[in-house]
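The values are calculated or read from the model by the stated rules, or taken from the named source; none is laboratory data. A quick note: this is a predicted structure, and the numbers were derived from the prediction, not measured. Here Cβ is always computed from backbone atoms with ideal geometry, including for glycine, and neighbour counts include all displayed protein chains. Each accessible area value is taken on the protein alone, full model and side chains, heavy atoms only, with ligands, DNA and RNA left out. Shrake-Rupley method; radii C 1.70, N 1.55, O 1.52, S 1.80 Å.
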Amino acid sequence: MKALVLAEVARFEVREVDEPVPGPGEVRIAVRQSGICGSELGGFTGSDGLRHPGLVFGHELVGVVDRYGPGAEPAPRLTVGAPVTANPLRSCGRCPVCASGRPNVCPHRQLLGAHLPGSNAEFVVVPADALHPLDGFARPERAVLAEPAACAVRAVAQAGPAPGATALVLGAGPIGLLLIEVLRLRGVGAVWFTEPHAGRGEAARACGAVELDSDPERLAARIGELTGGYGVDVVFDAVGSTVTRQSATRVVRSGGTVCLVGLHTHETPLPVRDLIRREVTLTTSFAYTPDDFAAAVELLRQEELVFPAGLVHARLEQGQHWYELLLAGDPAGKVVLEPPR
Ligand SMILES: [Zn+2]
Ligand SMILES: [Zn+2]
């Protein structure tokens with residue numbers, strides 16, 4: 001089969017590789033769409049420590065069931081040929097972390113396209129219980145958003161904004177945009193956002209969010225004006241740079257919550273003494289549990305998530321081109337690679 005392989009740092013190559021064979025309890029999916037995730041850009045440039053040359057990337061996928069491995073029983077809506085998406089995160093299910101209800105941070109977890117061969121290929125193998133049927137989808141290809149939407153579902157749950165709360169989202173890439181949509185579905189009041197790349201804000205504005213200047217000084221001043229000097233109830237950092245982390249902790253109100261989602265930078269100095277004196281809750285959100293993933297699939301099935309940035313369809317061999325554009329901050333929506341069929 002054809003697969004987009006990282007030949008060396010910053011260079012993909014379409015190669016002919018062996019088709020994966022589903023083992024016991026597994027299923028092979030014929031991939032139709034495979035989204036490019038912001039978290040993969042660091043793998044391409046060799047800076048994420050997780051993805052290495054020789055790997056096939058891709059963990060946001062839509063396809064059809066191709067064949068089951070031994071011992072996997074197809075459920076009625078998941079027979080061969082059925083359109084599906086799949087939760088790409090495998091956890092061990094046996095450790096204390098999994099037992100505590102947080103399989104998303106299982107230390108033994110494995111992610112497609114990072115620890116396991118990913119979906120930027122004609123076929124990918126997943127456990128049969130990772131499948132989600134896409135019957136009832138008016139536009140099945142939009143289920144390629146299930147994985148980033150699941151990240152947004154979890155982050156909003158982690159921060160737990162009260163109905164009518166004010167919220168600020170730093171970064172309006174796909175995760176920031178989905179965060180804005182989930183926040184609005186959860187009934188928050190005002191949603192503000194920042195996005196330094198010109199052209200990316202339009203979709204967020206279409207979701208009813210109001211854009212603020214991303215410059216830290218001007219942002220703090222504007223938030224002061226908007227909130228009577230108190231600050232924002234919940235702040236989400238969908239970027240994870242030193243600048244956005246420090247902005248988030250600066251503009252949150254006393255007793256408010258900062259939810260750190262973006263993974264851009266390893267270490268960031270934060271004003272901890274000030275955060276203690278203001279009883280700010282610092283929380284984090286990583287990936288999603290199976291329940292978060294299922295909730296995201298349902299929101300997409302009901303078309304409650306609009307994602308006005310849209311999908312940009314590209315051929316597998318255009319992966320190199322799109323990675324370069326995304327790294328340059330191209331204001332594209334979700335780029336989905338499509339293998340030959
Ligand atoms: Zn992703
Ligand atoms: Zn575990």
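Inter-part distance, segment 289-341 to segment 180-257, computed on C-alpha centroids, equals 23 Å. Over the chain, DSSP H runs of length four or greater, each weighted -39,500 (n - 2.57), average out per residue to a 222 nm ellipticity of -7500 deg cm²/dmol.
Heavy-atom surface analysis with a 1.4 Å probe gives the chain a carbon and sulfur content of 52 percent of its accessible area.
Per residue, the solvent-accessible area of segment 152-284 (1.4 Å probe, heavy atoms of protein chains only, all protein chains present) comes to 45 Å².
Among S119, S100, S91, the largest mean-square fluctuation in a Gaussian network model of the chain (Cα springs under 10 Å) belongs to S100.
Of the peptides 107-113, 175-181, 77-83, the order by per-residue mean of other Cβ atoms within 10 Å, starting with the highest, comes out as 175-181, 107-113, 77-83. Give me the Debye-computed log₁₀ of I(q)/I(0) at q = 0.11, 0.17 Å⁻¹ for segment 1-130, equal point scatterers on Cα only, no solvent, two decimals. Log10 of I(q)/I(0), two decimals: -0.40, -0.91. As a rough guide to protection, the peptides 256-264, 221-229 ranked by mean Cβ packing within 10 Å, highest first, stand as 256-264, 221-229. Using the Kyte-Doolittle scale, which helices in the chain average at least 0.5 and also have C-alpha atoms spread 18 Å or more along the helix axis, with helices defined as whole DSSP H runs? Taking the DSSP H segments of the chain (at least 18 Å long, mean hydropathy at least 0.5), we get 146-159. Take 283-291, 240-248, 302-310 and order them by the average number of nearby Cβ atoms within 10 Å per residue, most first; the result is 240-248, 283-291, 302-310.
The Cα atoms of segment 152-284 give a gyration tensor whose axes a ≥ b ≥ c have a/c under 1.5, which makes the shape rounded. Volume per residue of the convex hull around the Cα atoms, evaluated for the chain, comes out as 129 Å³.
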